[in-house]
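Report on the following structure.
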Amino acid sequence: MRNHRIAILFCMISVLLLAGCAGRTDGSDASDGFKDKLAAASEKGQAKDNPETAERAEDNPETAENAEDVKNEEGKPNLLLFRQNAYEWNEDGTPAIKHQYTYFMLDWESAAAYKALAASLEDARDEMLSKQQEVWEEDLKSIEENGMISFDESWEVYLRRADEKYLSFVSEFCSEGLFDDGAYTEYTAHSYNVDSGKEIAFSDVIADENAFFDLLADKMYESINSKLRQYYSSDIAEDKESFKNGLWDLKKSGGLVWTLDPFGVTCYLSAYTKAPFAESAVIQFSEDADHVIFTDEYRDSAKDEYVIQVPENVGSYIDVNDSGVPEYVDVSEFYDYDESYDEMVLSGLRLSCGGDWKNIPTAKPGGTDFVRAPWARSNG
């Protein structure tokens, strides 16, 4: 019997972090400079040696040929994770608006080798930025009307799958402190074919949507009902069939999104749709014993070894020990006051697998730092 272990990776090969700050201080429209800053950051991440002198692959046949060699040899592209902040400051120097956003891009060589995928990632970034800008303008209008309020919002991207065939990630938007339950959370997600760069459709992966939603409704209904009883002393105000039909409708409207994971398909339900909180559930490839739910291509693509990131506000279900029953994995950041910065700074992650919480500091021996901890499951 295989011995599976779950470990925390502090530096993920193929995923790098570039941090920076972007903001407005004069109260003008947030669109000024945002795309310029993003373009500059992307240039920096994709530059081969020096962002000021590097040439694009399409303008350099020799470089383009080398990039194709990289594609053939490596078999999968390298991702860069960008983390940016945008602020609107009060007169006393405190942030009235703080927006944090992250997005994936390909590094310079991979962008040259996987041009269609690079373009798709740029579209996904622009989609996120458009949502961020829309909220920024709403926040700016609100603080102009009431200078006593402030906003702290984030668009965090989490890698769910990255291999030679497929790339999948989910973006978690969280607006802090505006609701009774502490946060409003919603999701967008994308899954791509690596070679073609085309977005994978739900129907490409799911052969029998009715069977899929039967399982999904059972899992989400039970989980939501349990949480409602625990925290609100109430039950879901609809029967399971109505709940399932509601999931169908949410899937069509975008209130329910999905990612292609190494072990199955995970669906994410935004807050204030079926419950005040966000929710997720996974249908594993291994649950399709009769080979009716998933198409053969994707069911047979299950991985024994993978790296996966866990969204903070909804967690994730992962079958850690091949038991057939996924355990709930949760990740959250914790902060400490740093006198040198005179503010709270990221100190580590709280990690839970099956309810066993551990605090992991941001720096380990050797000086490795991280912002988000992916989970790795492997043989050995």
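Quick note: the coordinates plus some simple rules give every number you see, no bench work behind them. Owing to the predicted nature of the structure, the values given are computational and were not obtained by experimental measurement. Cβ placement follows ideal geometry from the backbone for every residue including glycine, while neighbour counts extend to all protein chains displayed.
Summary table below
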{"quantity": "Separation of the E145 and E287 label points, Cα + 7 Å toward Cβ, nm", "calculated": "4.3 nm"}
{"quantity": "Length added when fully stretched, D214-Q230, from 0.36 nm per residue minus Cα-Cα", "calculated": "3.3 nm"}
{"quantity": "Förster radius 25 Å - calculated FRET efficiency between E241 and Q100 (Cβ-Cβ, nearest 0.05)", "calculated": "0.05"}
{"quantity": "Segment 183-234: C-alpha gyration tensor shape, a/c 1.5 cut-off, then a/b vs b/c", "calculated": "oblate"}
